[in-house]
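Nothing in this text is a laboratory measurement; each read-out follows from the coordinates by a stated rule. The shown structure was predicted, so the numbers you read here are calculated from the model rather than taken from an experiment. Note that each Cβ is placed from the backbone with ideal geometry, even for glycine, and that neighbours are counted across all protein chains shown.
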Amino acid sequence: ICFTQEQEDLVVKSWEVMKKNSADLALKFFLKIFEIAPSAQNLFSFLRDSKVPLEQNPKLKPHAVNVFVMTCESAVQLRKAGKVTVRESNLKRLGSVHFKSGVVDEHFEVVKFALLETIKEAVAQTWSPEMKNAWGVAYDQLAAAIKAEMKASS
Ligand code: HEM
């Protein structure tokens, strides 16, 4: 896969701007996911077992930020290596956690849609088809790598 320096910059620089507002961004991202797929709430143990309202749940932010940060890292790796190699939290664990939580392929599409919509609203005037494509490609490659590990752990 060919990912250019311009595409990497579109992803990394827009995240630099958005991350100042990451708590708000995280909540909007989750609300969009659950608007499209309400039953996806049941996948998350910290939502299932919680009595606090969604918007006050402190565990919401880490997953959302993880998706943003790891998609950014994926963009950087795609440009450098042409493929995704998740370093920190290893891919095997990501695969087994998602598989055991009951996540299926369709959830990745919902999350992609919600991610792109959240970015579009957050960056407002700087949003462009090129930015949408760069985030989309970086996300797709990362999602494919996680899905492959989910199949391997099933
Ligand atoms: C957990 C990242 C997509 C649902 C996690 C964790 C990370 C992560 C880092 C914590 C893993 C651990 O405990 O070691 C990502 C990334 C994604 C992605 C980078 C996309 C590229 C999704 C999707 C869903 C999902 C599509 C389903 C809507 C979950 C659930 C957990 C989890 C249910 C376990 C939460 C819990 O009960 O503690 N994810 N995720 N993730 N993710 Fe994702």
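Things worth noting here:
- Relative contact order, percent, segment 28-115 [alpha-carbon distance under 8 Å, six or more residues apart]: 40 percent
- If you plug the beta carbon distance of ALA23 and LYS80 into 1/(1 + (r/R0)^6) with R0 = 22 Å, you get a FRET efficiency near 0.15.
- Average Cα contact separation per residue, the chain, under 8 Å, 6 or more apart, as relative contact order %: 37 percent
- Approximate spin-label separation PHE46-GLU6, in nm, with each point projected 7 Å along Cα-to-Cβ: 3.8 nm
- Centroid-to-centroid separation of segment 17-95 and segment 115-154 [C-alpha atoms, Å]: 11 Å
- Pairwise Cα distances in segment 71-129 exceed 19 Å for 51 percent of all pairs.
- Calculated P(r) of segment 9-137 - Cα pairs past 26 Å, %: 21 percent
- Backbone N atoms of segment 84-124 closer than 11 Å to the 7 Å Cα→Cβ label point of VAL69 belong to residues 88-89.
- Modelled FRET efficiency - R0 41 Å, SER39 with GLN125, Cβ distances, 0.05 increments: 0.70
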